[in-house]
Amino acid sequence: MGGGLMGLRADIFKHRGSGACSNHGISEQFDEVVIVNVEGPHEPRPEAPAVWLTRGNLPGTVKVIPAVFDDERNKWGPDPRWWMFGGQYVGGSDSRLAEAVEKILGHRFYGAITLHDRYEEPDPPRYDLVDLDPFGRPLPKGAEPACGYCGLPYCGFCAAIKGLLDLGALPLPKGGAS
C-alpha cells in the first residue's frame, strides 16, 4: 500500500473520565490515526490506522470514520458501515487539516473533530416470528389483531378516526373525545 498513498497524521484525544465508549473501536486501541483523504507525508501503519474525513451527520459539522483500502482500485475510501460517535476526538496542528475541513464545510474550522469509530452489529429482523397488522406494525405470529379502541378484530376504522381527530382534521364531537 505504499507508493504515494499518503495522508495526514492526527492525534486521538481521549476523555479519560468517561471511559471507552467505542465498543472496541480505533480509539480504544490507538493514540493516533492517518487521515488518508487529507494530503500529507504519512502512511497508515499498524499503530496508526487509516481514517476518512467526511461531512458530519449535522449541518456544519465534519467527522472522521474508519477507512478501508480497495485493492482493485488501489486507493482508500470510507468504510461504508454506519459508524457512531464513541466519545473521542481527532485533531492536530497541521494547517492542511483545517484546509481540508474548509473544503468540506465551505468555511474555516478550529477545534477537534469527532471520531465516529463505534460500530454495533445490527440484529437482523426476525420476520419469521411476527405477522404485520394492516398498518405494518408487528404482531406475534398467528395472533388475531384487535382494535385498540373498540376491541373488535382489527378493522382500522377506529384508529383512522382517532388519527384524524388528533390531527384536527375532524371536528371533536360535542362533549369531547372519549
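The values are calculated or read from the model by the stated rules, or taken from the named source; none is laboratory data. Keep in mind the model is a prediction, meaning the values are calculated, not measured. All Cβ positions, glycine included, derive from the backbone under ideal geometry; neighbour counts span all protein chains shown.
Candidates in the stretch 35-60 are the residues that are part of a strand (DSSP E or B) and under 20 Å from residue 15 (Cα atoms); of these, the one that is nearest to the chain's Cα centre (by Cα) is 51. Inspection of the stretch 18-30 finds a residue satisfying the criterion of being modelled with pLDDT under 90, of a type in the set (Ser, Thr, Tyr) and not in a helix (DSSP H, G or I). Applying the set (1) crowded, with 18+ Cβ neighbours inside 10 Å; (2) assigned to a loop (DSSP other than H, G, I, E, B); (3) not hydrophobic (A, V, I, L, M, F, W, C) to residue 63 leaves exactly one unmet item: (2).
Could you please give the count of residues in the stretch 70-79 that are in a strand (DSSP E or B) and either at pLDDT 90 or above or of a type in the set (Lys, Arg) (or both)? Summing the residues that are in a strand (DSSP E or B) and either at pLDDT 90 or above or of a type in the set (Lys, Arg) (or both) in the stretch 70-79 gives 4.
Give the number of residues within the stretch 80-106 that are in a loop (DSSP other than H, G, I, E, B), surrounded by 15 or more Cβ atoms within 10 Å (Cβ to Cβ) and aromatic (Phe, Trp, Tyr). Working first, answer last.
Let us first name the residues in the stretch 80-106 that are in a loop (DSSP other than H, G, I, E, B), namely 80-83, 85-87, 92-94, 106.
Applying the additional criterion that residues be surrounded by 15 or more Cβ atoms within 10 Å (Cβ to Cβ) yields 83, 85-87, 92, 94.
Within this subset, residues satisfying the condition of being aromatic (Phe, Trp, Tyr) are 83, 85.
Count: 2.
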